[in-house]
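The values are calculated or read from the model by the stated rules, or taken from the named source; none is laboratory data. Quantities reported herein were computed from a predicted structural model and do not represent experimental measurements. Methodologically, a virtual Cβ is constructed for each residue, glycine included, from the backbone with ideal geometry; neighbour enumeration extends over all protein chains shown.
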Amino acid sequence: MIIIKRLLICLILISINTVAQKKQKTAFQVVPLGVKGGIDEKNLSAYLLAPVNTKDYICLDVGTLNSGIEKAILNKVFKVSVSEVLRKYIKGYLISHAHLDHVSGLIINSPADSSKTVYATNKCMEMMEKHYFNGQTWANFGDEGIGFPLKKYHFQTLNIGEETPITNTTMTVKAFPLSHVNPFESTAFLIKNEDGYVLYLGDTGPDAVEKSNNLLELWKVIAPLIQSKKLKGIFIEVSFPNEQPDQFLFGHLTPNHLMKELHVLEELSGKEYMKGFKIIITHLKPPAKNIKLIKEQVKNQNDLGVQFIFPEQGKYFEL
């Protein structure tokens with residue numbers, strides 16, 4: 001009888017744990033509009049992110065826009081036109097840095113877009129106003145800067161570490177600095193809704209190569225969120241395979257450097273909390289043989305037990 005009672009208790013505990021796991025609901029829905037770095041102008045960094053069961057998307061970087069929406073429609077993610085997704089579903093844009101492979105979709109599609117907010121840190125916003133939306137390179141669709149402001153976009157500068165509401169959504173964002181060929185800055189965005197957090201990193205090199213502590217400081221901020229299981233995933237770039245020499249990284253990561261950085265994060269958060277944690281790999285650079293090699297190396301070096309996700313253009317997933 002004692003053995004039977006113990007077995008029943010074990011079964012009840014397992015059942016309770018299973019139910020609890022099922023009740024850990026997802027917090028965000030993601031639609032990648034572009035997933036690569038490099039030369040494929042139809043598939044460059046851009047990720048739609050919204051709270052689950054809503055159409056209130058923010059776009060994380062905007063290297064590709066129109067082509068990515070078309071691909072998502074072909075995959076039956078959206079059942080409306082490209083124009084409706086662009087004008088009604090996308091509520092704003094978070095720009096990590098002003099390199100063209102992260103902003104060209106925003107620039108080209110601006111004439112067809114609706115009024116909304118563009119968020120960026122001060123240096124990034126200055127570059128966009130000075131070099132792109134300046135009335136010469138392109139019409140100034142913003143509400144400040146040089147040239148004649150058409151005031152379609154509200155240009156909102158993000159202060160580092162300050163929580164900012166994302167207009168027309170229930171989400172907020174905090175910006176953190178990254179080094180992308182020191183001293184050039186990129187940005188990480190910590191996005192929050194009522195059910196959890198997501199961390200998106202723009203282009204970044206490893207601290208050791210960049211002679212920086214930006215990633216270390218970022219890991220210190222998010223480690224408690226991993227421990228509390230509030231952080232649903234991290235978007236982070238891996239642009240080159242391990243064969244790329246450090247002097248030719250140009251502010252990017254390899255699988256080796258990614259794992260070194262994740263081990264630093266593990267030391268801060270605890271190995272038990274990293275198991276199964278979702279790491280979304282972004283910005284893989286062509287050619288195709290390099291992309292294949294990067295994926296193989298990332299998987300083979302996964303000694304932390306994290307769950308690596310390689311997003312595909314136009315294919316929906318949840319976090």
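Tally the residues that are closer than 22 Å to D303 by Cβ and either free of Cβ contacts under 8 Å to residues at least 12 places away in the same chain or surrounded by fewer than 21 Cβ atoms within 10 Å (Cβ to Cβ) (or both), restricting the search to segment 208-218.
So the answer is 3.
Taking the conditions exactly as written (in contact (Cβ under 8 Å) with a residue 12 or more places away in the chain and either touching a Gly at 6+ places or on another chain (Cβ under 7 Å) or on the phi > 0 side of the Ramachandran plot (or both)), does S269 satisfy them or not?
No: the conditions fail for S269.
Would you tally the residues in segment 41-59 being part of a loop (DSSP other than H, G, I, E, B) and of a type in the set (S, T, Y)?
The total comes to 2.
Using the structure shown, decide if M127 is under 28 Å from S239 (Cβ atoms) and free of Cβ contacts under 8 Å to residues at least 40 places away in the same chain.
yes
Residue under question is G145, and the condition is that it be in contact (Cβ under 8 Å) with a residue 24 or more places away in the chain and either farther than 25 Å from V82 by Cβ or surrounded by 19 or more Cβ atoms within 10 Å (Cβ to Cβ) (or both); does it hold?
Considered against the rule, which asks whether it is in contact (Cβ under 8 Å) with a residue 24 or more places away in the chain and either farther than 25 Å from V82 by Cβ or surrounded by 19 or more Cβ atoms within 10 Å (Cβ to Cβ) (or both), G145 comes out as no.
Report, by residue number, each residue of segment 74-94 that is without any contact (Cβ under 8 Å) to a residue 24 or more places away in the chain, of a type in the set (A, V, I, L, M, F, W, C) and either in a helix (DSSP H, G or I) or within 14 Å of D40 (Cα to Cα) (or both).
V82, V85
Give segment 51-85 a look and list any residue that's crowded, with 23+ Cβ neighbours inside 10 Å and of a type in the set (G, A, S), or say none.
Within segment 51-85, G63, G68 meet the criteria.
Going residue by residue through segment 114-121, is there one that turns out to be touching a Pro at 6+ places or on another chain (Cβ under 9 Å), within 23 Å of K88 (Cβ to Cβ) and not aliphatic (A, V, I, L, M)?
no
Can you tell me which of F235, F250 is touching a Ser or Thr at 6+ places or on another chain (Cβ under 9 Å), under 30 Å from T172 (Cβ atoms) and aromatic (F, W, Y)?
Of F235, F250, the one residue that is touching a Ser or Thr at 6+ places or on another chain (Cβ under 9 Å), under 30 Å from T172 (Cβ atoms) and aromatic (F, W, Y) is F235.
In segment 178-190, is there at least one residue being surrounded by 14 or more Cβ atoms within 10 Å (Cβ to Cβ) and of a type in the set (V, I, T)?
Looking for residues that are surrounded by 14 or more Cβ atoms within 10 Å (Cβ to Cβ) and of a type in the set (V, I, T), one finds at least one in segment 178-190, hence yes.
Could you check segment 294-319 and list, in sequence order, the residues that are part of a helix (DSSP H, G or I) and either surrounded by 17 or more Cβ atoms within 10 Å (Cβ to Cβ) or modelled with pLDDT under 95 (or both)?
I294, K295, Q297, V298
Those residues that are touching a residue at least 40 places away in the same chain (Cβ under 8 Å) and either closer than 12 Å to F317 by Cβ or surrounded by fewer than 22 Cβ atoms within 10 Å (Cβ to Cβ) (or both), I need them from segment 36-49; list them, please.
G38, I39, D40, E41, Y47, L48, L49
Are any residues in segment 35-49 modelled with pLDDT under 95 and either closer than 17 Å to I107 by Cβ or among the small types (G, A, S) (or both), and if so, which ones?
Residue satisfying the conditions is G38 alone.
If you go through segment 263-298 one residue at a time, how many are under 20 Å from the mean Cα position of the chain (by Cα) and closer than 18 Å to F240 by Cβ?
12
Only one residue in V221, V173, V209, V181 is of a type in the set (V, I, T), closer than 19 Å to H283 by Cβ and in contact with a Phe, Trp or Tyr (Cβ under 9 Å, 6 or more places away or on another chain), so which one is that?
V181
Which pairs have Cβ atoms under 8 Å, sit 6 or more apart or on different chains, and link a residue in segment 225-251 that is closer than 20 Å to T204 by Cα and buried (at least 21 other Cβ atoms within 10 Å of the Cβ) to one that is at pLDDT 95 or above and among the basic types (K, R)?
G233/K278; I234/K278; S239/K285; F240/K285
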